[in-house]
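What follows is a short report on a single structure.
Bear in mind these aren't lab numbers, they're just calculated from the coordinates by the rules spelled out. What you see is a predicted model, and the numbers here were worked out from it, not measured in a lab. As a convention, Cβ positions derive from the backbone with ideal geometry for all residues, glycine included, and neighbour counts pool all protein chains shown.
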Amino acid sequence: MAKTQSKMQTQKVVNEFSINIATINGSGSQTANLTLIRSIFKMGIPVSGKNIFPSNIQGLPTWYKIRVSQAGYLGRSQKTEIAVAMNPKTFGDDLADLDAGGIFLYADHIKEPIDRDDLILCPMPVKSIVKETKPPRELRDYVANMVYVGVLAYLLDIQLETIESALDFHFKGKQGPIDFNLSVIHDSFHWAENNLEIVSPFQVQPLDLTEGCNLANGNTAGGLGTIYGGMHFVSWYPITPATSLPEAILEYAPGLRKDPETGKNTYAIIQAEDELAAIGMVVGAGWAGLRAMTATSGPGLSLMSEYASLAYFVEIPVVVWVIQRVGPSTGLPTRTAQGDVNQTYNLGQGDTKHIVLIPGSVKECFEFGWKALDLADKLQTPVFVLSDLDLGQNQWMTPPFEYPDEPIDRGKILWEEDLEKIKDEWGRYLDLDGDNIPYRTVPGNQHPKSAYYARGTGHDDFANYSEKPEEWEKNLDRINRKIESSRAILPKPEITTRSGAKSGVIAFGSTDSAVRETCDLLQDEGLILDYLRVRALPVASEVLDFIRAYERIYVVENNRDGQMHSILSLEIPDRATTLVSLSHIDGMPLSADWIKAAVMEEEKS
Amino acid sequence: MAEKTSKLNEIGLSKEDYKGKQTTLCLGCGHNAIVGQIISACYELNIPPERVIKVSGIGCSSKAPTYFMDRAFGFNGLHGRMPSLATGALFGDTSLIGIGVSGDGDTASIGMGQFKHVTRRNLPLLYIVANNGVYGLTKGQFSATAEQGLALKKQGQNRYVPVDIVWEAIAGRASFVARTFSGDPQQLKALIIAGLHHRGIAVIDVISPCVTFNNQDDSFHSYAWGKSHEVALHELSFVPPVRAIKVQYEKGESLEVPLYDGTHIILKKLAHDYEPTDRAKALQMLEDANDRNELITGLIYINPKQKSLFDLYDLPDTPLNRLPNEKLRPDPKSLEEINNLMF
């Protein structure tokens, strides 16, 4: 078999390649992978990391795909220039998936056949390096992954001091683990320096493109945004991939939300017995005047449907974060998708229709975290924030979170003194201002006229039970007008234009970076596309204007049926035939390679 | 008569001030008796209606909150999911008094999970189950508390053994569990009063006959059976702190249970020599009564020292829903620090 060799080197590829690291989950590879991505980031090079992991705690294959891109493309790349094979079970596949000319690093104790001669091979004596550093027995497997960090540092020119600062961050300054991991990395680096004859065609070179930015994930951002949005109450039930959002709140709220005067908590968090109870508690809290929030994923969302419908009809503000994973059914719990657009938009029986905010970046997860609470209070209705596993759990380069630029909006709540001032008659569902949003009182109000009886059954303007046809229709129509009117105040779409575009592309959420990359790639092919990113449902008029302006619009999404495509087609039926659905779901984040190929295929016809 | 109804309590309210809408339940429905005793208890305890939150699920029982205290906030939520609704709502202002009315379908079938979890969390809530062994609103199907062998018109015979709500509540570590009978208004009211003074979940299983679908004389949930099989454990009195000295009981015949707010429940022993502070003995007593075919009523279990849900949260004295906005949003400097601490 081909030995290590140096003949294949051509021109250096700098700061544009992907590394696929195959390990076994539960083996501590996460630390090694985060160290790599953070080191590269610290060198000022845009980088993203996607964890492709199993629904399992220990022992199954897991991959981490790092994309280095000085062009700033953070979406998934289908190409793999460097592979690290640490898992015997996936060795063959990892070898086969590597692009020609790529570097194949592998633990040399894996005795699997290598049947390719178009690669640069790099066996690593993982066991002997680890043995020499004499780790405590229980840490032996964990530090083994640091070997590829050291070897890659040598091959790609990753600065050792950035590795040190990455480890320092990861271990929160704890010198013991920092030093130990660092010693393995150093030993591996020196082994590579002294023994490897290969020269890597891929290289990182320091830039200043990450200056002022952070590496973070959307769920942490969403949790922090919720805290800064003044949430009072969170109830949740663990589910992948939503769990890390309430957990971020659990981590940060104690430090941020203690009243400095009394030292008491200005919020409460309950882990519920299931999603039925999580949404029930949140609805109860929202009714009682608390800014209440829960987070879930597809299966939990299904369970929340009945209370979501009640909250819509009884007009109770709540915020529900939906971190999408692959469905139907239990599906692929640890893989990403955009398949709950329809379910979220119309969650519940009857004519239920919700407001849905769709963040497309980590920074926007923070922003929508607080904005959702304001919108829910203002419109007295559930507000859903639709994110996904890719945005929620993976590491993204992001500008710093921006402090809310608007004061907290509690909407139309009447307390005792407000009721005294009201000259006209007050009724819970009486539209006093003509804007379809009535005034509400909340429990605890001691004014004798404040109380009302909330019910999911038919009711009149004064919340009395009613089965009268005209009252039912009047109430439901007003609620509909209220939701319709939100189009004007929800986050506007983000539109990117290029001169000479005759076609457009519409996308939403985590595919943003891949779609931007696609537009660049297609421009190189002579196809110019303007791009609109939907940020909320129901859509703003700008979305419809955009659709009207082009001969053809591609609607790109990570699901099978083109759910956003059908929503848009219903919004603007006279232009429906100009909307072309490009939808795809296989558990992986959409890549620019796939979108480009799909567009090119359509352009042929 | 007119004079009597307009009599005012210590906060200047008449019984009229505690009333709700005209009942739409069937004439003679046991649930109406429950409504009547809730009104009497709150009136006698001088509770401002505005300080009460009344919550319910779905079913005949869950309509009940409509018929008392119009001046209290109320929420008729979803079938079996009143406990979660009440939990969230009471966090809004933990000083409010929660009264939940549920049924046997609502609690022992669809809502069993939420029922067990609200008992284990010890949410301060008076949780009344109007238990008639039958689904009334859907016109006469067996509920999970219907006894085995019960015959209903359309359903034939009930195949399954019943769920005992009191047993489930005790096993679920509720801190106050009682059973009574809607045909025994005095005991019902005494238990409601005691439950309203308990800081924690107070489950009262009220056997409340359905006169329309399940009132055959031999049925566990009928008036006739209840009247002839009821065995009260004790005579209950509730003693507000100021009056405690005025009540004299002979030693050995009564048991005083002090509650968190300085009040006492006094249990005057009747048929059984029973102390309701031992969970295992309470369960044994239920088994024995079942073997004897008795409807045991009274305060079956109480632990006034168990921490309530709100004792576990370090909340401010100001209700969360009245906190000013500036207490809710951390300052810009803190966000700057977070941004700086990120990688």
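Annotations for the structure displayed:
- DSSP bridge pairs, chain A: antiparallel proportion in percent, nearest 5: 35
- Karplus-derived 3J(HN,Hα), 6.51/-1.76/1.60, for each residue of region A:230-241, Hz, glycine and proline x: x, 4, 9, 9, 10, 10, 7, 9, x, 7, 6, x
- Amide H to amide H distances under 5 Å link B:Ile97 with B:Val52, B:Ile53, where only residues 5 or more positions off or on other chains count and H is placed in the peptide plane.
- Positive contributions from Lys and Arg (+1) and negative ones from Asp and Glu (-1), summed over other residues with Cβ under 11 Å from the Cβ of A:Gly92, come out at -3.
- Protection-proxy order for peptides B:71-81, A:356-366, each taking the mean of Cβ atoms within 10 Å per residue, highest first: A:356-366, B:71-81
- Here region A:197-351 yields Rg over Rh of 1.11, to two decimals, using C-alpha coordinates and the Kirkwood radius.
- Proximal lysines relative to A:Lys596, as straight alpha-carbon distance under 21 Å, when same-chain residues fewer than 8 apart are discounted: A:Lys50, A:Lys65, A:Lys79, A:Lys502, A:Lys604
- Report summary: the helix-based calculation at 222 nm, which adds -39500 (n - 2.57) for every DSSP H run with n ≥ 4 and divides by the residues of chain B, gives -8000 deg cm²/dmol.
- Principal-axis tilt of helix A:175-195 within chain A, Cα atoms, nearest 10 degrees: 40
- Counting only other chain Cβ atoms within 10 Å of each residue's Cβ, the peptide A:452-463 averages 4.
- Violating pairs (Cα-Cα greater than 29 angstrom) within the set B:Lys153/B:Lys281; A:Lys371/B:Lys21; B:Lys21/B:Lys139: B:Lys153/B:Lys281; A:Lys371/B:Lys21
- Of all DSSP beta bridges in region B:2-318, antiparallel share, percent nearest 5: 40
- Using C-alpha pairs below 8 Å separated by at least 6 residues, the relative contact order for region A:216-398 is 31 percent.
- Multiplying each eigenvalue of the alpha-carbon gyration tensor of chain B by 5 and taking the square root yields semi-axes of 34, 25, 22 Å, largest first, rounded to whole angstroms.
- Number of partner chain Cβ atoms within 10 Å, mean per residue of A:433-444: 3
- Translational D in µm²/s for chain A (Stokes-Einstein at 10 °C, 1.306 mPa s, Kirkwood Rh from C-alpha pairs): 61
- Above-threshold pairs, the threshold being 30 Å between Cα atoms, out of A:Lys353/A:Lys492; A:Lys172/B:Lys305; A:Lys127/A:Lys363; A:Lys172/A:Lys492; A:Lys449/A:Lys482: A:Lys172/B:Lys305; A:Lys127/A:Lys363; A:Lys172/A:Lys492
- Charge dipole (debye, nearest 20) of region A:215-349; +1 at Cβ of Lys and Arg, -1 at Cβ of Asp and Glu: 240
- Cα gyration tensor category, rounded, prolate or oblate, for region A:312-378 with a/c compared to 1.5: oblate
- By DSSP, the beta bridges lying fully in region A:216-398 are antiparallel in about 15 percent of cases.
- Between helix A:160-170 and chain A: long-axis angle, C-alpha atoms, 0 to 90°, nearest 10: 40
- Placing R0 at 45 angstrom, the Cβ-Cβ distance between A:Glu112 and A:Glu601 gives a FRET efficiency of 0.80 after rounding to 0.05.
- The slack in the chain from A:Ala71 to A:Gln446, taken as 0.36 nm per residue of separation less the alpha-carbon distance, amounts to 128.9 nm.
- Residues A:Glu138 and A:Thr578, FRET efficiency given R0 of 56 Å [Cβ-Cβ distance, rounded to 0.05]: 0.35
- Loop-located trypsin sites (Lys or Arg not before Pro) in region A:420-507, at most 10 other Cβ atoms within 10 Å (DSSP): A:Lys423
- 10 Å beta-carbon shell around A:Gly218, net charge (K/R +1, D/E -1): -2
- Test item: A:259-272 mean partner chain Cβ contacts at 10 Å: 5
- Highest average first, the peptides B:49-62, A:275-288, B:29-42 ordered by how many other beta carbon atoms sit within 10 Å of their residues are A:275-288, B:49-62, B:29-42.
- Charged neighbours of B:Glu287, selected by a Cβ distance under 15 Å, balance to -2 (K, R count +1; D, E count -1).
- For chain B, the relative contact order is 15 percent, taking Cα pairs closer than 8 Å that sit 6 or more residues apart in sequence and dividing their mean separation by the residue count.
- Calculated FRET value between A:Asp93 and A:Asn194, using beta carbons and R₀ = 45 Å, to 0.05: 0.90
- A:Val319 long-range amide H proximity, modeled H, under 5 Å: A:Ala292, A:Met293, A:Thr294, A:Val383
- P(r) histogram, all alpha-carbon pairs of region A:49-191 included - 10 Å bins from 0, percent: 10, 36, 40, 13, 0
- Length, then width, then depth: along the principal axes, the Cα atoms of region A:494-604 run 34, 30, 25 Å.
- Nonlocal amide H pairs with B:His79, under 5 Å, H built at 1.01 Å: B:Ile58
- Using a cutoff of 8 angstrom between alpha carbon atoms and counting only pairs six or more residues apart, the relative contact order for chain A works out to 12 percent.
- Highest average packing first - A:549-560, B:307-318, Cβ atoms within 10 Å: A:549-560, B:307-318
- For chain A, the longest principal axis of the alpha carbon atoms and the long axis of helix A:244-256 meet at an angle near 80°.
- Ellipticity estimate at 222 nm from DSSP helix runs (n ≥ 4, -39,500 (n - 2.57)) divided over chain A, nearest 500: -11000 deg cm²/dmol
- Stokes-Einstein D for region A:30-76, Kirkwood Rh over Cα pairs, 4 °C, 1.567 mPa s (µm²/s): 112
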